[in-house]
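J.: Before I ask anything, let me first share the structure, which is written out below as structure tokens.
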Amino acid sequence: MSIYCNIFSTYRYIIVLISSVLLIMVGTTDVIAKKTSYDNKKIIVLDPGHGGRDKGAQGINGIYEKTISLKLAHIIEKELEDQYNVFLTRTDDYQLDIPCRIDAANHLKADLFISIHSGGSFLHKASGIYIYYYNKISGPKTVSGNVTLKTIKNNNILIQWHNIQNKHKIKSYMLSESVKNRINEYIKFAKCKVQSAPVLVLSGADMPAIFIETGYLSNPAEEKEIDDAKVLSDFAKGISKGIEDFFQNK
Ligand SMILES: [Zn+2]
């Protein structure tokens, strides 16, 4: 399922409208039962990083971060869709700004927000898989590609957004740990580590939220791994199991 900032409210109204029409037309408890079971499923928003002109990091062999993030998001969606209601912030190669990604998750009242990325560095030796949870620090540094805090000009709005994710810091940390442990079970080319950082795309999320970097595209050896279908499938399994562990430990 996909979500778009500007049509978001419209989408929800369409769902309500369709449900109402179905109830009127069919009028059976079956429909009500199905609707209830849909409503009871937890909502997970997957956010494939970058898109369109914003290519993200680029590997020496020409692999773009925006392509890998979308590919992986679709594989994770397949892993999760039987058990959860899964939405993607983008389903194709187009640009999407950061507030739009977070707004979508907040409007859905999502239970989890997971932003998917790969790393890039001028140092070809830079390597590793990282999971970040939000931690506010002073200064304009962020961990979200080319986006800086200048993106949001209104400082008051920015402070409020930071406060939103701060409420979920412990749970976001716990989610990071659960997903890290499972990724380390499935992925062998690098060790996954958890770090905290003022990641802009997480800052306004009103739910546990993490930012995953699936290795460094700028590192030729890791670029090869990250673009491998089996590795992507293993990432999806690790992330899905980590999500399951997180909900069970609650
Ligand atoms: Zn990125």
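J.: What residues have an amide H closer than 5 Å to that of N135, excluding those fewer than 5 places away on the same chain, when H is modeled at 1.01 Å from N in the peptide plane?
T.: Those lying under 5 Å, H to H, from N135 are A197, V199.
J.: How large is ³J(HN,Hα), in whole Hz, for each residue of region 213-228 in order, when computed from phi with the Karplus curve 6.51 cos²θ - 1.76 cosθ + 1.60 and θ = phi - 60°, using x for Gly and Pro?
T.: 10, 8, x, 9, 5, 6, 9, x, 5, 6, 4, 4, 5, 4, 8, 7
J.: Can you work out the PRE-style zone for H124? Point 7 Å along Cα to Cβ, and I want the residues of region 192-235 with backbone N under 14 Å.
T.: 217-224
J.: If I model a spin label at K193 and K169 as a point 7 Å from the Cα along the Cα→Cβ vector, what separation in nanometres do I get?
T.: Simple spin-label model gives 2.1 nm for this pair.
J.: Another question, if that's okay. K191's amide H: which non-local residues (gap 5+, or another chain) put their own amide H closer than 5 Å, with H modeled 1.01 Å from N in plane and none for Pro or chain starts?
T.: I129
J.: By how many nm would the segment from D228 to K109 lengthen if fully extended, with 0.36 nm per residue of separation less the alpha-carbon distance?
T.: So the extension gain works out to 39.5 nm.
J.: Compare the peptides 88-100, 65-77 by average per-residue count of other Cβ atoms within 10 angstrom and give them in order, highest first.
T.: Values: 88-100: 17.5, 65-77: 22.5.
Those peptides, ordered most packed to least, come out 65-77, 88-100.
J.: Continuing with the same structure: Report ³J(HN,Hα) in whole Hz for each residue of region 53-62, in order, from the Karplus equation J = 6.51 cos²θ - 1.76 cosθ + 1.60 where θ = phi - 60°; Gly and Pro get x.
T.: Per residue, the Karplus-derived 3J(HN,Hα) values read 5, 7, 7, x, 6, 10, x, 5, 8, x Hz.
J.: With θ set to phi - 60°, apply the Karplus curve 6.51 cos²θ - 1.76 cosθ + 1.60 along region 165-181 and write out the HN-Hα couplings as whole Hz, x wherever there is a Gly or Pro.
T.: For region 165-181, the Karplus-derived couplings read 6, 4, 4, 9, 4, 5, 5, 5, 5, 4, 4, 4, 5, 4, 5, 4, 4 Hz, x marking Gly and Pro.
J.: Just to be sure I understand the model, the point goes 7 Å from the Cα along the line to the Cβ. What's the resulting N249 to K78 distance in nm?
T.: Result: 2.8 nm between the two label points.
J.: Note down the net charge around Y133, summing +1 for each Lys or Arg and -1 for each Asp or Glu among other residues with Cβ under 13 Å from its Cβ.
T.: Working: positive: K136, K167, K169, K171, K180, K193; negative: E177, E213.
Net charge in that neighbourhood comes out at +4.
J.: Moving to a separate point now. Looking at region 43-249, send over the antiparallel percent of its DSSP beta bridges, to the nearest 5.
T.: Values: 5 of 26 bridges.
Counting only bridges with both partners in region 43-249, antiparallel ones make up about 20 percent.
Coordinate-derived values only; no laboratory data. All of these numbers come straight from a predicted model, not from anything done at the bench. Positions of Cβ are backbone-derived with ideal geometry, glycine not excepted, and every protein chain shown enters the neighbour counts.
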